[in-house]
Amino acid sequence: MARGRKGKEPVDLDFTLRRVFGKQSFRFEAVVIEYLEAKQSRPVQREVISATIEGHDVFLQAATSFGKSLCFQLPAVIGSGITVVVSPLLALMTNQIDAARDRGIPTETISSSTTYTERRRIETDLKCGHPYTRLIYVTPELCATQNFRKLLTTIHQQGQLTRIAIDEAHCISEWGHDFRPAYKELRWFKQTLILPSVPVIALTATATPRVREDIVTSLGLDPRPSSEGGTTKFFSTTTARPNLHYEVRYFSESSPHHSSGDDLFPNLLNWLNSISSRRSTRLGYLHQRSPNNSTSTDLTPISGIIYVAFRSTTESLSARLTSNNITASAYHAGLDPTTRQTVQETFIHPHQPTDLQTAQTVAGSFNIIVATTAFGMGIDAPSVRFVVHYGVPRGFEAFVQESGRAGRDGKAASCVVFYTREERDRVLYRVSLDVNRELNKKGNRNNQGGGVGKAQAEARMESLQKVIEYCECTSRCRHELISEYFAAGATGTGGLEGETKCDFACDYCKEGGQKLRKRMERGLADEEAAFEFSQRERSNGWEGYEDI
Ligand SMILES: Nc1ncnc2c1ncn2[C@@H]1O[C@H](COP(=O)(O)OP(=O)(O)OP(=O)(O)O)[C@@H](O)[C@H]1O
């Protein structure tokens, strides 16, 4: 039993978990390291929730789909008062708000699309002294406005501001330095909402040691571990997802032995067809064995996300898939909000055949979204069976976040990168353009102005280099490479550690290093051919990244 913030009342967390959230037990993490403390094995979700309810500042780093939202949503329904959730994207908020409301938790949001009347209604409730609202979702930009700060100060003075949750906290470091400076102002909470201090919980799946330090500093949290008298409770679990199968497929756009030339589409189509026929065979077998019985997932189309670099590619690739009888929709930030919402909804809740025979007729059918990086973070679609990066991801954190959309139901799912050295060179070029632009900004030249932009730009390039290393590595388990990235080089605020369990769940562990290396050598262009190809292509002009 956890004790409530003000006191004494023990709280039955299991009861609330079952009654409000319909879950049987808390997620157990076998290997947990609290910053700079001993390795332990324990139900980390419950511990985070207890620490939160007790009023500690908390930093939680846990794998994608671990169940981090529960760590502030469950405390929000226990006791009284308001939890402010700072979230980076409207799509992500909508998803969580719908889920919370479905569970009967009074949840609101104030955003650019909130009408004046609606906003008045919400604000009146928030500052009434005994608010009905338990969760309010907002962007960092709203938190930086005088009006909202004034509102929070009033709620705080009334003793009703229970905690602040910073979801996807890595965005503080990723975006706060350049195009979303409001992220850097979140320190206001710890500086201003004092006596008593309002507890903050920061949550992320993907933070390197540098990013962790950045988050802690930016939010004004105590960086010291509890063993040194620190007041922040740090929890980190392994970032590994054992049910995800990681694989890299190698192709060449310049070598003559590839009949498809620079068009990877036939390879993608072959790969999708092979998944589809495996599913059909399995459904046929199930139907033979027991005609009236099958699990619901067997009956749904195969859901997958294909990530591409450009908005135009989302349109062209989804059109090509559709013309090959594969259901696919494009998603990017340039679509109007209603279309984006419809595409997202249809993807998360696809049409589901009700019996096995109908399912067999659509057996192996697909429910695919072809998206830029605008789609993904926080999307909780349970049965995504694959995530394909159709081209080189532009950063390692993005790769892990995006791959993390797969297999959220805990069942096996594939995360595949379609990799060519020619595309590697294009991505390197685009990111270097961004980096140079950053370096040439006033204040960043000669490392003046603190050099924050410079450090960020360099971190972006390092992150891309890590993606390339990951893709071209034929001698290490891919789960291990991912875990290592987020654990590497632990510094001041501590590190992350976790045993990576890969049960043949990556191409290296499944095929063995020798076979994988041969496959890579057969597939990729050699460096010389790739270089010449890139030179030729570049002379025709390469485009930089457009907005996501
Ligand atoms: N104790 C639990 N038992 C069963 N399911 C759970 C439990 N906790 C959370 N879940 C479910 O796990 C899924 C993922 O949770 P959530 O969206 O909070 O993940 P997350 O850690 O925020 O992931 P990401 O960083 O990828 O957004 C949700 O469908 C949620 O309902």
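Residues in the range 364-388 that are away from the ligand (no atom under 16 Å from the Cβ), in a loop (DSSP other than H, G, I, E, B) and either under 20 Å from Arg279 (Cα atoms) or touching a Leu at 6+ places or on another chain (Cβ under 7 Å) (or both): Gly364, Ser365. Could you please let me know if Ala100 is within 13 Å of the ligand (Cβ to nearest atom), without any contact (Cβ under 8 Å) to a residue 60 or more places away in the chain and either more than 16 Å from Asp167 (Cα to Cα) or not aromatic (Phe, Trp, Tyr) (or both)? So Ala100 fits the description; yes. Of all residues in the range 68-97, those satisfying the criterion of being within 11 Å of the ligand (Cβ to nearest atom) and outside any loop (DSSP other than H, G, I, E, B) are Leu70, Cys71, Phe72, Gln73, Leu74, Leu92, Asn95, Gln96. Somewhere in the range 110-132, is a residue within 16 Å of the ligand (Cβ to nearest atom) and among the hydrophobic types (A, V, I, L, M, F, W, C)? No, because not a single residue in the range 110-132 is within 16 Å of the ligand (Cβ to nearest atom) and among the hydrophobic types (A, V, I, L, M, F, W, C).
Every residue, every condition in (1) within 15 Å of the ligand (Cβ to nearest atom); (2) over 28 Å from Ile379 (Cβ atoms); (3) modelled with pLDDT under 90; (4) surrounded by fewer than 17 Cβ atoms within 10 Å (Cβ to Cβ), yes or no:
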site: Ala165; (1), (2), (3), (4): yes, no, no, no
site: Cys171; (1), (2), (3), (4): yes, no, yes, no
site: Gln191; (1), (2), (3), (4): no, yes, yes, yes
site: Ile201; (1), (2), (3), (4): yes, no, no, no
site: Leu219; (1), (2), (3), (4): no, no, no, no
site: Thr237; (1), (2), (3), (4): yes, no, yes, no
site: Asn243; (1), (2), (3), (4): yes, no, no, yes
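With respect to Ser65, is the statement that it is within 28 Å of Phe399 (Cα to Cα), assigned to a loop (DSSP other than H, G, I, E, B) and not assigned by the TED database to the domain that holds Ala374 true? Yes.
Taking the range 209-238 as the range and being touching a strand residue (DSSP E or B) at 6+ places or on another chain (Cβ under 9 Å) and in a helix (DSSP H, G or I) as the test, the residues that pass are Pro209, Arg210, Val211, Arg212, Glu213, Ile215, Val216, Leu219, Ser226.
The values are calculated or read from the model by the stated rules, or taken from the named source; none is laboratory data. Predicted model only: the values in this text are computed from it and were never measured. Reconstructed Cβ throughout: ideal geometry from the backbone, glycine too, with neighbour counts over all protein chains shown.
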